[in-house]
Number of protein chains: 2
Amino acid sequence: MTESPAALTVRARTAYHHGDLRAQMIAAVRDLVETHGPEGFSVAEAARRAGVSSAAPYKHFKDRAEILRGVVGEAMDRLRTAMETGAATYPAGSVEAVAAVGLAYISFARTEPGVFRLSFGLTEGHENDPDLQAKGERTFDVVVRCAAACLGLPPEDRHVQTCAYMLWCFAHGHSFLTIDNKRSTADSRIDDWTYLLTAARAILGQPVRG
Amino acid sequence: MTESPAALTVRARTAYHHGDLRAQMIAAVRDLVETHGPEGFSVAEAARRAGVSSAAPYKHFKDRAEILRGVVGEAMDRLRTAMETGAATYPAGSVEAVAAVGLAYISFARTEPGVFRLSFGLTEGHENDPDLQAKGERTFDVVVRCAAACLGLPPEDRHVQTCAYMLWCFAHGHSFLTIDNKRSTADSRIDDWTYLLTAARAILGQPVRG
DNA sequence: GGGGTAAAGTTAGCAACTCTTACTTCCCGG
DNA sequence: CCGGGAAGTAAGAGTTGCTAACTTTACCCC
């Protein structure tokens, strides 16, 4: 907050002895969750990896659940930007742009299944966190805007909202079923892009009702 | 108690001291998972509820994960029968029958979110269990048969498989987003039935491609 | 009935984990 | 240079997963 060595002070405020343990904990947890599954994570092990005592993390996080929330919050940000850049690679208003958003979603789930599961499947206490809920809404807005552009309707339109939600359902379900290995071998032969494009066309091609 | 007829002997084989601890453990775990979330379950607490020592469950289950697998297996059976009876309430081949299957799926998720999450979201070691995988396939077959009847094609048809999978994705995603409280208030105003019927029409109404 | 056997339960205990408390170390502003 | 506070440590309470060694119980066969 003091302005003398502006940028450095801000960094030093959180760095200190160790060098921003908060960020390093989140990184360590991400790694653990990815390699050992969302359950196979412990504060103790993450602290060990960060090279600090097992009590140190509690100076930065209230409890275990808050660490998870930190990881999820950071993941949500990355997911949203991935979706936005995905949409930007196709003409605004095209079905392809919608499918690209879904592809970004599924790619995230594929490359970081642990964190993805953590973000959605688990309810270790972050199910009603207002901060994360807000981030979730912002992420959903990306889908809404793309659907609106594609349908030529304002984002507030009820039909747009419904379609966007249906698209989200589809991508979400597909992501989970894929990383949970629940798909039969027959399903796995078709690639994500075909699936997404087909779904987007099916859902957005519907007549406006109600 | 000592009757020595065959039927009683079979029961006594599993009953014994306590009265089928295996089943009581599964019931206790179901209850715990439902009230405290999928994470907030411990073998110790479940044993406490069943009125036995914390080591007793290990006479029936290899480890914690096997207990979970037991719960999931039992849940899968109930889910499948619910889906089958759902389909049976509408004329075979109707879109409504397909939607009813989805409704059974979502209703299960709504009434038993903990067990549902346990069955799908978590990967505590049951992700590759062949027994559960087989049960999963049988459950999916219900969707496939309904979709086939609706499309007037054999269940082995590629298009049927794809449509069934898409329907599953939708129901699965909708279930998770609902129980995870990820839906915006706008979405929650539409009921499950309308959603499902719309989705089924959109997906099954697609032209046969490939 | 009386013993052998195996299932089902017990207590005791280890290692690991979460989180708290009390103490130490280090940086920074006045 | 010194006091305050942030960031760390060590030690410990309490819970958990699971194992080992033991006891109790019901059944089978003679």
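The values are calculated or read from the model by the stated rules, or taken from the named source; none is laboratory data. Here the structure is a predicted model, which means the values were calculated and not measured. Here the Cβ positions follow ideal geometry from the backbone for every residue, glycine too, while neighbour counts run over all protein chains shown.
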When B:A104 is run through (1) in a helix (DSSP H, G or I); (2) within 16 Å of DNA strand D (Cβ to nearest atom); (3) of a type outside the set (S, T, N, Q), the failure sits at (2)
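Can you tell me which residue among B:A23, B:A12, B:A97 is modelled with pLDDT under 95, more than 10 Å from DNA strand C (Cβ to nearest atom) and assigned to a helix (DSSP H, G or I)?
Being modelled with pLDDT under 95, more than 10 Å from DNA strand C (Cβ to nearest atom) and assigned to a helix (DSSP H, G or I) holds for just one of B:A23, B:A12, B:A97, which is B:A23.
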For the stretch A:34-44, does any single residue satisfy the condition of being surrounded by 15 or more Cβ atoms within 10 Å (Cβ to Cβ), within 9 Å of DNA strand C (Cβ to nearest atom) and within 22 Å of B:K182 (Cα to Cα)? no
Any chance A:F116 is more than 7 Å from every other protein chain (Cβ to nearest Cβ), on the phi < 0 side of the Ramachandran plot and touching a Phe, Trp or Tyr at 6+ places or on another chain (Cβ under 7 Å): yes
A careful count of residues in the stretch B:71-121 that are farther than 14 Å from B:E34 by Cβ, touching a residue at least 24 places away in the same chain (Cβ under 8 Å) and not small (G, A, S) gives 14
Would the stretch B:40-51 turn up any residue that is out of contact with any Pro (no Cβ under 7 Å at 6 or more places or on another chain), within 14 Å of chain A (Cβ to nearest Cβ) and in contact (Cβ under 8 Å) with a residue 12 or more places away in the chain? yes
Just give me the residues in the stretch A:57-74 being away from every other protein chain (no Cβ under 14 Å) and either over 30 Å from A:A171 (Cβ atoms) or away from DNA strand C (no atom under 16 Å from the Cβ) (or both), in sequence order. A:P57, A:Y58, A:K59, A:H60, A:F61, A:K62, A:G73, A:E74
I'd like to know if the stretch A:147-157 contains one or more residues that are out of contact with any Cys (no Cβ under 8 Å at 6 or more places or on another chain), among the aliphatic types (A, V, I, L, M), more than 11 Å from chain B (Cβ to nearest Cβ) and in a helix (DSSP H, G or I). yes
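Please pick out the residue among B:A200, B:A134 that is surrounded by fewer than 16 Cβ atoms within 10 Å (Cβ to Cβ) and among the aliphatic types (A, V, I, L, M). Show your work before the answer.
Details: B:A200 fails: surrounded by fewer than 16 Cβ atoms within 10 Å (Cβ to Cβ).
Result of the check over B:A200, B:A134: B:A134.
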State all residues of the stretch A:43-83 that are over 15 Å from A:V29 (Cβ atoms), part of a helix (DSSP H, G or I) and out of contact with any helix residue (DSSP H, G or I) (no Cβ under 6 Å at 6 or more places or on another chain); if no residue qualifies, say none. A:K59, A:D77, A:T81
Would you point out the residue of the stretch B:169-195, among those that are more than 17 Å from the chain's Cα centre (by Cα) and outside any loop (DSSP other than H, G, I, E, B), that is farthest from the other protein chains (Cβ to nearest Cβ)? B:W193
Residue pairs within 7 Å by beta carbon, gap of at least six or interchain, first lying in the stretch A:164-189 and assigned by TED's automatic domain parsing to the domain that holds A:R110, second of a type in the set (D, E) and not in a helix (DSSP H, G or I), listed first then second, are A:D180/B:E127; A:N181/B:E127
May I ask you to say which residue of B:S54, B:S107 is within 14 Å of DNA strand C (Cβ to nearest atom), at pLDDT 95 or above and surrounded by fewer than 21 Cβ atoms within 10 Å (Cβ to Cβ)? B:S54
